[in-house]
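The structure under discussion appears below in the form of structure tokens.
The values are calculated or read from the model by the stated rules, or taken from the named source; none is laboratory data. Please read these numbers as outputs of a predicted model, since none were measured by experiment. Cβ coordinates were reconstructed from backbone atoms using ideal geometry, including for glycine residues, and neighbour counts include every protein chain displayed. With ligands, DNA and RNA removed, areas are computed over all heavy atoms of the protein, side chains included. Shrake-Rupley method; radii C 1.70, N 1.55, O 1.52, S 1.80 Å.
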Amino acid sequence: MSTKKLFRADLHCHTTCSDGTLSPNKLVELAAQIGLSGLAITDHDTIDAYETALESAKKQNILLGTGVEFSCDYDRIGVHLLGYDFALNSQPLRAFCVRHQQRRIERNQKILTKLEKYKMPMKMDELMQAHREAKTIGRPHIAQLMVKKGYVKTVKEAFINYIADGKCCFDAGEPFSAEETIALIHAAGGKAFLAHPHLIDNVQLIDRLLRLPFDGIECHYAKFAPEIEKKWVQIAQSKKLLMSGGSDFHGSGKQYLTLGASWVDEETFYKIFQRL
Ligand code: AMP
Ligand code: ZN
Ligand code: FE
Ligand code: FE
């Protein structure tokens, strides 16, 4: 009987550089522990995890492809795009990450101002201090502070009642277009994928969105039911797009998403990552 282990690569996970709760090193260690062969870290709007993760991956014998998850705007709908296999030293891509950080500072201030109107005052300093290691501060961090202050009982409650898309204290911040985001990923030699497409609840919008020059779709996501996976696999195949997959692991921030819950096989991994 063959003892060769099954090749599994999780291509969607977050670290403390954005809103995950494990450091890049700990994430890579966990990936090795659970028997993953490959990984792509996809922090929100930052690639800083790669400063330490590459070294850890070498030690742990994990194939680490480059990744990022950009927030963008399409027809005033918030959409997440995954970038893979880009050059880490791309200056335009790095400058784009810096613009996102600025966008987030301004946007977080707007959200805090709205929350104050609802009698939930929080200082920007307090938010930044609580997450010093984060390069991008986002709504999950705000929600955690709301829980800590006793304004809400859970992160979920903070989102549902106040800061989820379209809710009373939501603010999208300066919109960066899907077109520009895809162009920057391509300029860095990378591939652009539509992340968790099932979250976009508008068939016509998806249809138009997928006319942009995407390279692939995230067809395997967290705990997708098989029939949902099948639908996105068929769409990707019909459009001759690559298929990616990952868990969207955030550590204890989202305990229901476990690392390795979704993954891609060796053949798919090497189709996406050609600069390893
Ligand atoms: P941001 O990057 O600041 O826009 O925040 C996005 C993060 O918030 C992502 O990790 C989402 O999964 C998380 N998020 C968005 N909506 C919700 C929700 N309703 N409940 C919990 N987390 C959410
Ligand atoms: Zn997140
Ligand atoms: Fe996302
Ligand atoms: Fe994500």
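Here are the numbers for the structure shown:
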item: Theoretical ellipticity at 222 nm over the chain - DSSP helices of four or more residues, -39500 (n - 2.57) apiece, nearest 500; result: -11500 deg cm²/dmol
item: Lys, Arg +1 and Asp, Glu -1 on Cβ, resulting dipole of the range 1-148 about Cα centre, debye, nearest 20; result: 300 debye
item: Dipole moment magnitude, nearest 20 debye, the range 144-276 about Cα centre, only Lys, Arg, Asp, Glu C-beta charged; result: 260 debye
item: Residue among Leu27, Val68, Ala9 farthest towards the positive dipole end of the chain, charges placed on Cβ; result: Leu27
item: Using a Förster distance of 30 Å, the FRET efficiency for Asp265-Arg94 (Cβ separation, nearest 0.05); result: 0.45
item: Accessible area expressed per residue, the range 164-276, with surrounding protein chains retained (probe 1.4 Å, Å²); result: 50 Å²
item: Using θ = phi - 60° and Karplus 6.51 cos²θ - 1.76 cosθ + 1.60, couplings along the range 200-207 (whole Hz; Gly, Pro as x); result: 8, 9, 7, 4, 5, 5, 4, 4
item: Amide proton proximity set for Gly38, modelled H, under 5 Å, gap of 5+; result: Arg8, Ala9, Asp10, Leu63
item: Contour minus Cα-Cα distance for Ala183 and Asn161 (0.36 nm per residue); result: 4.4 nm
item: Radius 14 Å from Cβ of Ile62, net charge of other residues (Lys, Arg +1; Asp, Glu -1); result: +1
item: Size of electric dipole in the chain: Cβ of Lys, Arg +1 and of Asp, Glu -1, about Cα centre, debye, nearest 20; result: 460 debye
item: Residues whose placed amide H lies under 5 Å from that of Ser244, excluding near-sequence neighbours; result: Ile217, Glu218, Cys219, His220
item: Accessible carbon and sulfur surface of the chain relative to its total accessible area, %, 1.4 Å; result: 52 percent
item: Of Tyr74, Tyr50, Tyr151, the one that fluctuates the most in a GNM where the chain has Cα springs shorter than 10 Å; result: Tyr151
item: DSSP bridge orientation in the chain - percent antiparallel, rounded to nearest 5; result: 45 percent
item: Solvent-accessible area per residue for the range 32-134 (1.4 angstrom probe, square angstrom); result: 48 Å²
item: ³J(HN,Hα) computed for each position of the range 263-271 - Karplus, 6.51 cos²θ - 1.76 cosθ + 1.60, integer Hz, glycine/proline x; result: 6, 10, 8, 4, 4, 5, 4, 6, 5
